[in-house]
Amino acid sequence: RGRQVGAALAETDVYSCVWLGNVDLRTDSITVTATAGDCEESAAVGADVDFETMRGYNVIRQAVWTRELQATTSMLENTAFDWTDDTGNAYASRSVAAVPICHGRTLYDVCCLYTDRSNAFGPDERAILDRIGEIVGHAIAASEQRRALMSDELIEVELLVPAVFNGNNRAAPEWTVS
């Protein structure tokens, strides 16, 4: 889901690393599903990592919570951003953006982009990335709806409505919705 988008963004040479990940809010973790460019080991495909181990986790977490694009362009803009690795070496990438891939309030993935451009993620670039997140979210939702419509599975739901509102003690009608 969205692998081609990440690859296309990395091919532009504007971003040094692009990765997509599926967010599990219950465990506060991300499973990386696709990478492109020069990404660190924690962003390896299939890696299941906690937010705090991801470079730029404050930006990522905020994007997940708000379902809105979040970006920072320098360590001075966001002092809570962790710009060093475990050995104390500073990361080459100074700017990061986290683009939620969602449709409505349903979050499918998050796409993170890293770059060393000091002027990265201005208003125009943010608008384009935000729109990409919306379009990919629409595409995923449409694909899931199509898959559900083409499925051979049937879900049967029984609905029991209590007779509380009619004032008598008769049994409530039972309805079956298919």
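The values are calculated or read from the model by the stated rules, or taken from the named source; none is laboratory data. Just so it is clear, the structure is predicted and the values come from calculations on it, not from any experiment. SASA here: full protein model, heavy atoms, side chains in, ligands and nucleic acids out. Shrake-Rupley method; radii C 1.70, N 1.55, O 1.52, S 1.80 Å.
Might you let me know whether the range 30-40 holds any residue that is at pLDDT below 80 and not charged (D, E, K, R)?
Among the residues of the range 30-40, at least one is at pLDDT below 80 and not charged (D, E, K, R), which makes the answer yes.
Identify the residue in the range 41-65 that is of a type in the set (Val, Ile, Thr) and open to solvent by 40 Å² or more (accessible area, probe 1.4 Å) and, among all such residues, is modelled with the lowest pLDDT.
Result: THR53.
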